[in-house]
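The values are calculated or read from the model by the stated rules, or taken from the named source; none is laboratory data. Since the structure is predicted, the reported quantities are computational estimates derived from the model, not experimental observations. Cβ: placed from backbone, ideal geometry, glycine included. Neighbour counts: every protein chain shown. Accessible surface is based on the protein model in full, side chains and every heavy atom, while ligands, DNA and RNA are left aside. Shrake-Rupley method; radii C 1.70, N 1.55, O 1.52, S 1.80 Å.
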Amino acid sequence: MSQYDSISEQYLRVEQDAIKRRVVLPTLRSMIGDIRGLSVLDAGCGSGYFTRILRRWGARRVFGIDVSARQIALARERSRDGGIDYRALAAADIGREFGPEFDLVTGVFLLNYAESPLGLIKMLAAIAGALREGGRFAGITQSPRFRFYRGIRFQRRFRRQAAGPPQDGEKFFIEFHAPGEMVCEVYCYHWKAATYRAAFAETGFRGFRWVKPLADYAGCRAAEREFFAGYLKNPHIIGLKAEKRA
């Protein structure tokens, strides 16, 4: 059972929050470029928020997969697009359903749920197996450089069980907040940059790159610009991308 099975409805309240709309989306768009006509797999799709956007950006077909059956049920309820299909499937099990048939695999908040270096390698190996030669992976994950802070900022509170610098593979909790209340929380894992690089190198990828998050300020008021400028000084996310080796 996935941790998201029990909080799926609550998480709908935060799946389109300001950070995702104004930072995550433009960062992802900058990494993937023009995807018109491509076949895309959205790994860890949740309720399909990014899956639907990938289709809107021009992907010919999009498959969304997630380990949470409840999230997949919500994704299906929220989409009637014949170019999108959803499967309840863990990222490490992609090979059970798909061969090397995708031009692009995305993983927005996926790799930070790997519980061990081996788990990370299994995810990436399965993703590589689903890509055509020269196919690309683009993801958003927990930044190895993130400086954990105390208290609630940017509608989030990060809870750790240890003091001092975060350790490789350390489990931590993210609380998502709305005004006056906590909406839900999830846990994931903090991995160092070297752990990510080693996992990509071992699983058939080349050209690994980090991508700094950027913000879309279009239509923002002054207070909103200040909000995002503050966030980008210490963002908890970072982009990463690579290509499948031929």
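Reported count of residues in the range 108-138, each being touching a Lys or Arg at 6+ places or on another chain (Cβ under 6 Å) and closer than 16 Å to residue 198 by Cα, is 1. When the range 186-231 is filtered for residues that are within 21 Å of residue 22 (Cα to Cα), part of a loop (DSSP other than H, G, I, E, B), open to solvent by less than 60 Å² (accessible area, probe 1.4 Å) and touching a Leu at 6+ places or on another chain (Cβ under 9 Å), the ones remaining, listed by number, are 213, 215. Checked against the criterion of being among the hydrophobic types (A, V, I, L, M, F, W, C) and under 20 Å from residue 132 (Cα atoms), the candidates 72, 65 yield just one match: 65. Would you be able to say whether some residue in the range 36-44 is under 23 Å from residue 215 (Cα atoms), at pLDDT 95 or above and open to solvent by less than 10 Å² (accessible area, probe 1.4 Å)? Scanning the range 36-44, I find at least one residue that is under 23 Å from residue 215 (Cα atoms), at pLDDT 95 or above and open to solvent by less than 10 Å² (accessible area, probe 1.4 Å), so the answer is yes. When residue 103 is tested against (1) outside any loop (DSSP other than H, G, I, E, B); (2) open to solvent by less than 20 Å² (accessible area, probe 1.4 Å), exactly one condition is not met: (2). Please determine whether any residue of the range 117-130 is small (Gly, Ala, Ser), assigned to a helix (DSSP H, G or I) and open to solvent by 30 Å² or more (accessible area, probe 1.4 Å). Within the range 117-130, one or more residues are small (Gly, Ala, Ser), assigned to a helix (DSSP H, G or I) and open to solvent by 30 Å² or more (accessible area, probe 1.4 Å).
Confirm whether residue 231 is touching a helix residue (DSSP H, G or I) at 6+ places or on another chain (Cβ under 7 Å), over 29 Å from residue 102 (Cβ atoms) and either modelled with pLDDT of 95 or more or not small (Gly, Ala, Ser) (or both). Considered against the rule, which asks whether it is touching a helix residue (DSSP H, G or I) at 6+ places or on another chain (Cβ under 7 Å), over 29 Å from residue 102 (Cβ atoms) and either modelled with pLDDT of 95 or more or not small (Gly, Ala, Ser) (or both), residue 231 comes out as yes.
Somewhere in the range 172-185, is a residue of a type in the set (D, E, K, R), at negative phi and part of a loop (DSSP other than H, G, I, E, B)?
Pass one, the range 172-185, residues of a type in the set (D, E, K, R): 175, 181, 185.
If we keep only those that are at negative phi as well, we get 175, 181, 185.
Imposing the further condition that a residue be part of a loop (DSSP other than H, G, I, E, B) reduces the set to none.
No, that holds for no residue.
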